[in-house]
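Data first, discussion second: the structure below is written as C-alpha cells.
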Amino acid sequence: MKRREFVRTAGGASAAVAASAGATGTAAAQEAEPDWPSGVTGGNLGEYMDARGESEVTVEVGAGSDGLAFAPTQLWVDTGTTITFEWTGSGGDHNVVTVEGEASLDSGDPVGEEGYTYEYEVTEEDAGITHYHCVPHDAVGMHAGIAVGEDVPTVETGGNTGWPENIAKVGVPLHAHWVGIAAILGIALTFVFTFYLLKYGESAHTGHGGTQ
C-alpha cells in the first residue's frame, strides 16, 4: 500500500473511532430512568420496567423465591394506564398500600389467595413517583414504586453500553467525558501506529528490495 493511501485509510479509521464514540456518548446521555427514592430501590427483587405506551400492565404481588416482592419492583407508566396487581399465592398475606406519593394505592386487608387482583387506573393526579409497600411485610423489604408521566426526576443509566443486558440493567452512569477520553486515546494510538509503520516498515522494505 502506498504512503498516501495508507494515511488516507488511517485518517478514515480515526474519524470512524471518533464518530462511534460520539454516538455512544449520545446514546448514553439519552438513556434515563426515574430517580427512585431509597425506599423503592431498597425493596426486594429490584426489577425495573418502562411500560410507557402500554394501556395495561400487571404487577405480581408475592414475587421472588420467597414470595416477598413486587415484580416489576419499579414501574414507569403513562397516565390512563391500568395497573393490575395480581397475587401469586406465595409469601403469605399481602396488600398494596401507598407509603408516599400522589397515587392512592390501597387494596384493603391483606390477602393470600392466588389469582386475587386489585386494579388501579392511573390518572393525571398521580403524576410523579409513588412509593408503596405491603403492610405485613414492610420490615422485610416488600417495597416498590410507580412513576407516572413524563415530568418525573430521572437519572442517566448509561444507555446502550454494549454490556450484557443483566449488567446494563444495574444502571451504572456513563459520563460524557469518559467517552471523550476513549475517543482521543483511540485516535492517538491510530496515528502512533501509522507513524511507526510508515517510518520503519518502509525503511525495512527499501533495504531489502529497493523503493517500489
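Since every read-out is calculated from the coordinates, none of them should be taken as a lab result. The shown structure was predicted, so the numbers you read here are calculated from the model rather than taken from an experiment. Note that each Cβ is placed from the backbone with ideal geometry, even for glycine, and that neighbours are counted across all protein chains shown.
In this label model, Asp50 and Leu198 are separated by 4.4 nm, measuring between points 7 Å along each Cα→Cβ vector. The charge dipole of the range 48-93, taken about its Cα centre with unit charges on the Cβ of Lys, Arg, Asp and Glu (plus for the first two, minus for the last two), comes to roughly 60 debye. Let me see the pair-distance distribution of the range 118-160: every alpha carbon pair, 10 Å bin width, integer percents in order. Result, from short to long distances: 22, 39, 32, 7 percent. Taking a point 7 Å from the Cα of Thr79 along the Cα-to-Cβ direction, the residues of the range 127-157 with backbone N closer than 12 Å to it are 127-128, 148-151.
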